[in-house]
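The values are calculated or read from the model by the stated rules, or taken from the named source; none is laboratory data. Since the structure is predicted, the reported quantities are computational estimates derived from the model, not experimental observations. Positions of Cβ are backbone-derived with ideal geometry, glycine not excepted, and every protein chain shown enters the neighbour counts. Just so you know, the surface numbers come from the protein's heavy atoms only, side chains and all, with ligands and any DNA or RNA stripped out. Shrake-Rupley method; radii C 1.70, N 1.55, O 1.52, S 1.80 Å.
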Amino acid sequence: MKTKKNTPLYVMATTALLAAAGALSASLIIGGVRDVHAEGENNVISASSESDWFHNVKTEGQGTWAVSGSAVTVDAFGGNYALEGANYLTHAGTALGAYSFTTKITVSELNHVQNPMVGIIPWYVDEDNYLYVQLKFTWDADQLTTPEEKADGYAIEQLIFSGKYNGESKYITATSQQENTVFPTSTVAALKNNKVAPKNAGGHTLKVTFENSSATATSYKVGISYNGVEIGSTYAYYYNAIAKNKAVGFMAQDVKATFSEAVIDDYYATNTTAALARDWKEKNGFTYRVLNGKDVWNFNSDDSISFVTDPIKEGNKVVSQYRVSGSNIAGYDTNRGFMENPYKQNEEGLPQNYEVSASFKLDEVPSYSGSKTVQGYGLMPWYKDDQNFVDVTFRRTVSGLAAAPDIKYEVVLFGWIECSSATIGENIYELPENFDPTVNHTLTVQKKSNSFLVYLDGGDTPILRKTVKGTNINYYYGYEGYNAKFTSSKINSKAIYSAYDEIAVLDDQGNEWRVSGKSQDAWSFAGGTTKIQAKESSDTITARSYLLGGSDISDRNMTVEAKVDLSFGSASYSEFVLSPYVVDENNYARIGLTWQNGTCYAVVRASTYTEEDMDEDRDPTITVRRFALSGIDVSKTLEIKAEKIDTTLALYVNGTLVYGIQIKDIDQKSEDYGVYVYDVDATIHSLETIGYKRYDPAQVGEWQTSGMKYNEWTIDEDGHMHGDGTYTKDMTKEDKDAEKNFAIKPNAYDTNYEMTVRIRATDQSEAEDRVGVVMWYLDEDNFMIFYMDRWRADSTVPRTTIYGRIEGETLPTTYNHGGWLAEGDQIVEGGMTQTEASQVTNWHTIKVIKQSNTFTCYIDNNSNGYISYTVAAGLPSTAGKTLYSGLYTFNDAIEVSAYDVTEVGASVPGTLPCPAGNPYNAHIDAPSLPVYADEATVDVIDGTKGNADDGGSSSSQEIPSSEDPVTSEGEGGSGGGCGGAIASGVAATIIGLGAATALALKRRKMKK
C-alpha cells in the first residue's frame, strides 16, 4: 500500500527554496492526526520547460539532446563514460524521501563499440551526489541468443546500479564503499527471461524505487525493475540523509535513443512497522518527518506548533511512533523538522553568527508502569542533513519501581557529524528535581562560528557550551522531539555579534578568513596589508584577537612567515604568535613572542588529543612554555617565522633561530593556520605559508613530477622509480586529481615510437586504483594516458583504459572490459575485485606503440589487455615544444624497474628509470635543537597551564658554548641578542635545508 504525497513537482533548483513562505493554517486540535491525501503521478518531461534541463558537466561527448513534448531524444555516439559523459537532467524531478522514477527507453541505433550504454538518473543532488541505473549492451557472440539480438548485433549484458557519494565514484553499503551492484543477464533469471533486443520497438522500461525502510534508518532500499519485472534490490547507505531529491535525468553512451513516459511517483512510505516507514512532508516553510503517511504537526493560530510523538494506533496496530532507542539514538525516528535559516549568511555570502529561541512544554505526562521511559523535545539549532545536525532538547527520564519512580530532568546537547556522534558526544545539564515540564521553559541557542552556547529561561550564563567541528557553514534550523506530546512556540531567530566572537570576513583580494577581535572591523585589509587593532587600555584581561585562514598546504609540514610592525598598548602583557598547526580546538600548536613586565619571551602553547586519549577518557595534553630572549627591537619591522617539521616547532626572528621544541603527537595535516595577538596594534605587511601544495611540480632526477603528496616520487639505490599515489585519511576529495599523479621526462621521438615499462603496485588504498604510463604529454591540455585498473562502475574484472585530453577537451574514454590476465578465480580484497592471475602487485610489462595519431597498448607482450585508440582530429603539433612520456599512478604506490622509449620494432634494452647508486628522497628531517633553559608557565589570557607531562622537549643536546654566537649583538646569540645561544652549525643546517627544498616548496600569500 502506498499513500500519495501532497507534493506538487515544480521547478526547485536548490534546497534554499524549502522555506518558501506560506500562510499558517487555522487553529488545529492539539494532538490531532491527519492522513495525507493522494496526488497523481507526474510526467517530468511534460512538466519541464527547456530552462529546467541541464548537463551536470559540459564537456565534449555530452551528446546532442532535444526535448519535444513528452519525449527526450539523444545522439550520444562517441559519448564519454557514465556520469562523466552524456547525460541530461531536469530540476522538475524533485521528490521527498520515498518515491519511484520510471522511464521508457527506445534505442534506434548503436555505435560500433564493444559496450554501448543507456540508462536513467533517478536521484541527483549535485555533481558529487547522484545515483544511476544503466543497461550495458555487448557485441559478445555468446550473449546474442535471439534472432532479434543477432540482427541488432548486440544484447543486454548487465543492468548496473552505481553513483557517487560526497565525490567518491561509488555508493556506500553497510560495511564498505561499494562501486556498484551488477545484475548480469547470465545469472539473474528475471533479466535473462524478460530482456528484449536493444532496438526492440517496445523499448526498455526501467523503474527505480527508493524507500526509507531499513532498521537502522541509514539507507535507501533501492528496488530495480525492467519491463515491469522486478530484477532485484540493494541498499544505498547514507543517501537518504538528504530529504529532498533535486533532479532526475537520463544518460547515454554510444547510442541514439528516445526517453518517454518519465514519471515520478512521490508517495508516502508505509510499513507494518511504523518506525520503518519514514518519509518527509513540506508545509508552512518546514520540511518534517512523517511515519506511515501520518502528519502529526499541528500548526496553531498563535504560530505555535503542537506535536504528537508518542505511539498512534489504528486498532491494535501502531502506525506512528516517534521514538529513540538503540541504533536510532541519532534521531532517525524523531519528530524532526527543519526550515531555511534566514540568518545563515551575511550580505557577502559568508556564514554569520545567529541565535534561535523557543519555549516548550509537555502537553501530557504519561502514566508510569515500571518500564523505563525517555522523552525528548526541543530545538535543532543547526541542521544540514540527517547525518549532520546538532540538537538541544529537554530530556525527561523515568525509571525504577512503579510505586516509587526515579524522575530525572536534563538539557542535552547532542548530534552527528558525518554520521558519527564522536565529535559532539552527549553534553548534559542537570535540571532541579522540581522542574515542571508542563509549563513553558525557553531554550536559547547562540551559534558563534562553530560554537554552540545554550541558555535556559533567559539566563545570562550559558548552561552548556560546545565547539563542533564541521558546522562553520549554516543551512537550516528546526525542532526535535521523541516519545512525547509537546507544544513549542514559534522559533525566533536573529543575527548576533559580541566582541571577540569569531566571524567570517573577506580581505581585499576576496579571500575568506575567520577572525576574532574587539569589534567586527578590528581586522582590516588594504593593498595586501593586514591590520589589527588590539591595544588594551588596562591590565584587565579580555581576550586574544586572532586571524585564521584555510591551509592550502597538502603536507604535514608547514611554515608560517609574517613581516610585521607592532605598537603596544597599556597592558603589562602583550603577544604576537603564529600557528602553523590548527586541526581543531584540542589539536593545535602556536609559537611566537610575548612581552611581560619588560621581558621578551619566546612562547609555545600547544594541545594534543589523540584517539587513544579519547578511548582512555583522558584530557588533552597541554603544553605552555616560555624562554627569555633579549635584543628584540620592536621599533623596527620584525620578520617572524614559525616552522613545523614533523613534531618539531621552531621560531625564527629576523632569520635567526631563537627557540625550538618537540611536541609529541602534532603529526596531522593542518587544516588552518593563523595569527594570535594581544595588546598590540599590528600591521602585517606579508603573511605567507611555505610548504608543499598538491601537484606542485618537483624535479626528481631526470623526471618532472606532480603528486598530491610531498615527496611522492622517489628513487631507490637500485635506480628504480617509486611513486606513492595512495590516499590517506587526512586528505579530502579536493586533494585528488586523477590525471595529475605522474612523472614524465622528455621523449626524443615524435611521430612513431614504442614505450616499454616494467611496473608493479606496491600498495593500494582505494577502489578505482590505477597503474600505468603517460604515453604522450605536451601540456595539461594535451596528453594521453594508459592504465590498468581493477574496478570501475561498469566492470567487475580487471580492465585496461586509455584516457586523454586534446586541445583542452576530454576524449571519450576507451577501455577493454576483458581485463588483463583475467584468468583464474575472482576474489575481492579490500573491496576491490581482482583475479588470482591479475594482481597489479605482480610485475607486468606495459607496451605502447604510437604510430602517427594511433596508440596501441598491450600487457606482458601479448594480447592481454589489448586496446587501441586513434585521435580522430589528429594530435597537436609539437613544433617548438618539448614532448614528454612517463609514469602514472592513482590510489596506488608503484615501483618501476625498467623504462624504455625506442623506435618501433627496435630491441628493448631494459633501461633503469634512473642511474643506480644515486637515490633521491626529498624528505625534510626535523632540525636538531639545542637545550633551551625554558620553563613551564601559565597562559596569561585564560589561566591554562601545561600538564605535568606535557609532551614538550627542547632537546637532548648539551647547551652550546656561548663563545660561538650565531650573530652579532642586536640580531641574536648570547651577546645581548634575540634568544638563547645556539651553535652556528645548527643554524646553517636549518637554512641549508630550506634552500635545498626551495624548488619543492611554495609560498602562499594571504590566500585561503
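For the reader, a short list of remarks on this structure follows.
- Restraint check, Lys283/Lys466; Lys531/Lys636; Lys221/Lys740; Lys244/Lys408; Lys294/Lys494; Lys664/Lys740, Cα-Cα greater than 26 Å: Lys283/Lys466; Lys221/Lys740; Lys244/Lys408; Lys294/Lys494; Lys664/Lys740
- Hydrodynamic radius (Kirkwood) for region 358-417, which is based on Cα pairs only, to one decimal in Å: 13.0 Å
- A simple spin-label model places the labels of Ala422 and Ala201 6.0 nm from each other, with each point 7 Å out along Cα-to-Cβ.
- Area accessible to solvent at Glu712, 1.4 Å probe radius, in Å²: 10 Å²
- Straight Cα distances below 12 angstrom link Lys150 to the aspartates and glutamates Asp140, Asp142, with same-chain residues fewer than 8 positions distant left out.
- Over region 266-422, the fraction of Cα-Cα pairs per 5 Å bin, rounded to whole percents and listed from the shortest bin up, is 2, 7, 14, 19, 21, 17, 11, 5, 2, 1, 0, 0.
- Burial ranking of peptide ranges 637-647, 516-526, 670-680 (average Cβ count within 10 Å, highest at the top): 670-680, 637-647, 516-526
- Debye log10 I(q)/I(0) for region 662-720, one point scatterer per Cα, at q = 0.22, 0.28 Å⁻¹: -1.02, -1.19
- Residue-normalised accessible area of region 187-318, given per residue in Å² at a 1.4 Å probe: 30 Å²
- For Lys641, the aspartates and glutamates whose Cα falls under 12 Å of its own Cα, not counting residues fewer than eight places away in the same chain, are Glu561, Glu688.
- Ordering of 154-161, 539-546, 220-227, 940-947 by packing [mean C-beta count within 10 Å, highest first]: 154-161, 220-227, 539-546, 940-947
- Cα gyration tensor shape of region 581-700, rounded if a/c is under 1.5, else prolate or oblate by comparing a/b with b/c: oblate
- All other residues whose Cβ lies under 11 angstrom from that of Ser488 are scored, Lys and Arg at +1 and Asp and Glu at -1, for a net of -1.
- Of Glu418, Glu895, the order by accessible heavy-atom surface (1.4 Å probe, DNA, RNA and ligands excluded), from most exposed downward, is Glu418, Glu895.
- Bridging of Lys847 to aspartates and glutamates at a Cα separation below 19 Å is possible for Asp750, Glu754, Asp789, Asp860, Glu895, Asp900, Glu903, once same-chain residues fewer than 8 apart are set aside.
- Added length on full extension, which subtracts the Cα-Cα distance from 0.36 nm per residue, Thr467 to Lys531: 20.3 nm
- Cα-Cα over 18 Å, subset of Lys313/Lys361; Lys448/Lys469; Lys384/Lys448; Lys469/Lys709: Lys313/Lys361; Lys469/Lys709
- Calculated P(r) tail over 21 Å for region 503-583, as whole % of Cα pairs: 36 percent
- Heavy atoms of Cys600 accessible to a 1.4 Å probe, total area in Å² rounded to 10: 10 Å²
- Each label point was placed 7 Å from the Cα along the Cα-to-Cβ direction; for Ser852 and Tyr497 their separation is 6.7 nm.
- Long-range tail of P(r) for region 483-628 (Cα pairs > 24 Å, %): 48 percent
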